[in-house]
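J.: Let me begin by handing over the structure; questions about it come next.
The values are calculated or read from the model by the stated rules, or taken from the named source; none is laboratory data. Just so we're clear, the structure is a prediction, and the values are computed from it rather than from any experiment. Positions of Cβ are generated from backbone atoms using ideal geometry, with glycine treated the same way; all protein chains shown enter the neighbour counts. Ligands, DNA and RNA are excluded from the accessible area calculation, which covers all protein heavy atoms including side chains. Shrake-Rupley method; radii C 1.70, N 1.55, O 1.52, S 1.80 Å.
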Amino acid sequence: RARASPSSSSSRAAMSADAYGTPYHAQHAHAAPVAPAPVDWSALEAHDGVRLSWNVVPSTRKEQRECVVPFGAIVTPTKNISHDVVPRVPYEPVRCKGCGGVLNPYARVDFASKIWVCAMCHARNHFPPHYNALSETNLPAELFPSYTTVEYALPRRSGVGNAPAYLFVVDACAEEEELRACARAVTQALSLLPEDASVGLVTFGTHVHVHELGFTDCPKSYVFRGNKEFTTQQIKDQLTLGGGGRRGGGAAGYGGGSAPAPGAAAGHHVSGAMPASKFLVPLSECEFQLTAILEELNRDAFAPLPSCRRGRCTGTALMVASCLLSTSAIGMNARAMLFTGGAATDGGGTIVAKDMEQAVRSHKDIVKGAAPFYHKAKKYYEEVAINLCANGHVLDVFACALDQVGLAEMKVCVEKTGGNVVLAESFSHTVFKTSFQKLFAPDSDGGLGIAYNGQFEVITSRDVRTAGVIGPCAALDRKGLPGAVADSPIGSGGTTAWKLCTLTNETSLAVYFEVANPGGKDSQPIAMQGQQAQQFYMQFLCTFTLPTGETRMRVITTSRRWTEGANINDIAAGFDQEAAAVLVARQLSWKMETEEETDCPAATRWLDRKLIELCQRFGDYRKDDPHSFQLMPQFSIYPQFMFNLRRSQFVQVFNNSPDETAYFRMILSRENVFNSLVMIQPTLTAYSFNGPPEPVLLDVCSIAADKILVLDAYFSVVVFHGMTIAQWRKANYQDQPEHTAFKELLAAPKADAERILSTRFPVPRLVDCDQHGSQARFLLAKLNPSATYNSGASMGGTTDLYTDDVSLQVFMDHLRKLAVDGGGR
């Protein structure tokens, strides 16, 4: 269907014309030549999964920083690309002895002496013996000019298990109905797992119960006190020894809580490696027992005191789970899945006291330093994240509660391990149930294409430095050649390699770069350098293991060119405004998370200042004449992206809890350009009797009584019925044979909304509402307020929008004034 996608040229053209009053022309004051037409960067991305903000880069760091927007790339390492474009070869790659780069079409090859010169570090390398038949007419796949991306099938590593392991960590403090819904979801997931998958169960409330599924005579569990913080060694010793009585200073008891384990008294277990069959057992051997435990699972027996919250030791449970996996699932593709229905109130990771007089921390509390548990809990979860990452294990969080659960503190665990996170109101909610099922769906049925034990490496030419990565990864201690790492990190920096505990076909990483040449009098102009020096190269290496046990390495090699900083048209022609908006959004989210001084007002000022500087750099205008201001077509929509970004939930934390903000930012940091743009600037589609569905402006003027609107805001999908349409529907006109057209009109937007829900993870919330209804706020909050109660503009007979937010037109008017003013910065 015709849908307003972020990459749709027609919808973007319509929006830019509305934003500036008239469509832009390719005119520029700084150079006589007319700028070339914009390039379809998404088409290039389809071939290698890479999009750069600047595809023509100034040759010095000073000139590059004057371009304002960061120099970076959005990389989707395992993007699903046709084998005709990305060949898969059954041998190992040839690596450069200097930088570690892989042989690629940009390398210079001496066929006579069987030597190749690396394009990145210019090191001379000999081909291995099995390349003896190499010639100009007999090339391997990696030297074909069209194969800049190649996937290598590597030999299997010995000692690595193929079967996945799932450790379910279930909150027993949830309401009885919620606990039953959670148990049903886990039981249903068991039927979707392969029989050789290993499974385990940990339940927590006031205490942590580790269920020994390998013991079949009766239900047996190891119990840890929830209000005590344990070291990893204490937990490992306690679980490994498995005897009666107390060890490690804190486990309460065994064998259903009191009786010692039968084998422990005889001394069968000694400190060391734990048998894999004790707590993580193949599903084929324990499915009946695990199902029975879940069916009989009762709410935590320790009732809270009056006016107090229940004791919930979420942090202790996660620490125990991470230690259990690190000992029982060595070399396995293991995931810990946390199902929580409330705030942690006991032990490590506590976010709020039990006394209900103390409210759960808000954004204002965190800014003012009035959240006493916040920083300690974050530090605690960092230890859990380090433990999980060291073994390549993953944490998934399913937070289903009306109140906060501590997701803001747990964020580091999910981000560093690359796990999934789902935020819903209840374990019975369709958002949770559908999202959870998708995790186990096979790839042929719309699965996520999950891979494990990934490693992402960036290798660049000597004149490009890597500043860091923002995404679901953890930094490795590897810096490549001297000078390969930038001095000022962005995101996870100080290295050129990152660990990806898990990734999917859609996992995207934002890689930020820095030009190595600082600039100055001694810098040689590009025009005086050779053709080879005018190009620079970047190589992205991603090694990962499939669920089948196969190990793959995808090598993406790309080249861009340098130019002089004065060549404004040349630089502008290589600007990808969509990738640039996503890179800026991720960088700003990272700054707000890590810099205490970057609060909401400071972030908005930073965004505005950067936009003004960009317009002053690439705008065509006469000084102090706002009406003369124009932007080149390559930048025409970028201000609109920034307008919507500064209004988005990533920047404006008002009316969102810290958990919700953390959730939104986590999803933004891992999605591709298309999905990220939908989060920043939602798409709006109109359905009417006048023709097929059409994209319309994200503006309050698009509301009409005889139209149905579908808003895709990524986290929610809104089907909005105009007033007349709603009245006809309530009168049941769609059930009358003579009104089949109306019936089809009602069905079309719902079918499209369901299609969006079926292709997205986590599953968005579906909102079906009518004009003037209470849930219409989900649509109105995202629209440009071009007509409000105090603007004096008319909305065609509909109710005005009650907001004090400025409209896009007012925003653009102020931007013009500040851009043409030399002192406007």
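J.: Which members of the range 315-336 meet the condition of being in contact with a strand residue (DSSP E or B) (Cβ under 6 Å, 6 or more places away or on another chain) and either without any contact (Cβ under 8 Å) to a residue 60 or more places away in the chain or buried (at least 24 other Cβ atoms within 10 Å of the Cβ) (or both)?
T.: Scanning the range 315-336 gives THR316, ALA317, VAL320, ALA321, LEU325, ALA329, ASN333, ALA334, ARG335, ALA336.
J.: What number goes with the only condition from (1) under 24 Å from ASP804 (Cα atoms); (2) surrounded by fewer than 18 Cβ atoms within 10 Å (Cβ to Cβ) that GLN736 does not pass?
T.: GLN736 satisfies every listed condition except (1).
J.: Could you please find all residues in the range 115-126 being open to solvent by less than 50 Å² (accessible area, probe 1.4 Å) and either on the phi > 0 side of the Ramachandran plot or more than 39 Å from the chain's Cα centre (by Cα) (or both)? Full working, then the answer.
T.: Of the range 115-126, the ones open to solvent by less than 50 Å² (accessible area, probe 1.4 Å) are 115-121, 123, 125.
ILE115 - this is the single residue of the range 115-126 that is open to solvent by less than 50 Å² (accessible area, probe 1.4 Å) and either on the phi > 0 side of the Ramachandran plot or more than 39 Å from the chain's Cα centre (by Cα) (or both).
J.: Report yes if ILE556 is in a helix (DSSP H, G or I) and either aliphatic (A, V, I, L, M) or open to solvent by 10 Å² or more (accessible area, probe 1.4 Å) (or both), otherwise no.
T.: no
J.: Right, something else. Out of all the residues in the range 211-226, is one or more touching a residue at least 12 places away in the same chain (Cβ under 8 Å), open to solvent by 40 Å² or more (accessible area, probe 1.4 Å) and not in a loop (DSSP other than H, G, I, E, B)?
T.: yes
J.: Does ASP40 satisfy being crowded, with 20+ Cβ neighbours inside 10 Å and at pLDDT below 95?
T.: No.
J.: Hey, another quick one. Is it the case, given these coordinates, that THR216 is in contact with a Cys (Cβ under 9 Å, 6 or more places away or on another chain), closer than 21 Å to GLY342 by Cβ and of a type outside the set (Phe, Trp, Tyr)?
T.: The answer is no for THR216.
J.: Oh, and also: State all residues of the range 492-512 that are more than 18 Å from ASP463 (Cβ to Cβ) and open to solvent by less than 20 Å² (accessible area, probe 1.4 Å); if no residue qualifies, say none.
T.: Matches in the range 492-512: THR495, ALA497, TRP498, LEU500, CYS501, THR502, LEU503, THR507, SER508, LEU509, ALA510.
Residue-by-condition table, conditions (1) assigned to a loop (DSSP other than H, G, I, E, B); (2) small (Gly, Ala, Ser); (3) modelled with pLDDT under 90; (4) within 26 Å of LEU614 (Cβ to Cβ):
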position	(1), (2), (3), (4)
GLN27	yes, no, yes, yes
ALA32	yes, yes, yes, yes
ALA35	yes, yes, yes, yes
CYS67	yes, no, no, yes
ASN80	yes, no, no, no
PRO93	yes, no, no, no
GLY100	yes, yes, no, no
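J.: Could you list, in sequence order, all residues of the range 386-415 that are farther than 29 Å from GLN188 by Cβ and touching a residue at least 40 places away in the same chain (Cβ under 8 Å)?
T.: ASN387, CYS389, ALA390, ALA408, GLU409
J.: Of (1) modelled with pLDDT under 50; (2) polar (S, T, N, Q); (3) open to solvent by 20 Å² or more (accessible area, probe 1.4 Å), SER16 satisfies all except one. Which?
T.: Here SER16 meets the rest and fails (3).
J.: Checking the conditions here, which among ARG760, ARG755 is open to solvent by 10 Å² or more (accessible area, probe 1.4 Å), touching a residue at least 24 places away in the same chain (Cβ under 8 Å) and under 22 Å from the mean Cα position of the chain (by Cα)? Explain how you work it out, then say what you get.
T.: Working: ARG755 fails: touching a residue at least 24 places away in the same chain (Cβ under 8 Å).
Result: ARG760 is the single residue among ARG760, ARG755 that is open to solvent by 10 Å² or more (accessible area, probe 1.4 Å), touching a residue at least 24 places away in the same chain (Cβ under 8 Å) and under 22 Å from the mean Cα position of the chain (by Cα).
J.: Of all the helices (runs of 4 or more DSSP H) wholly in the range 647-736, which have at least 3 residues that are without any contact (Cβ under 8 Å) to a residue 60 or more places away in the chain and either more than 31 Å from the chain's Cα centre (by Cα) or farther than 28 Å from PRO762 by Cα (or both)?
T.: By residue number, 723-730.
J.: Restricting to the range 337-393, give me the number of residues that are open to solvent by 30 Å² or more (accessible area, probe 1.4 Å) and within 26 Å of the chain's Cα centre (by Cα).
T.: 14
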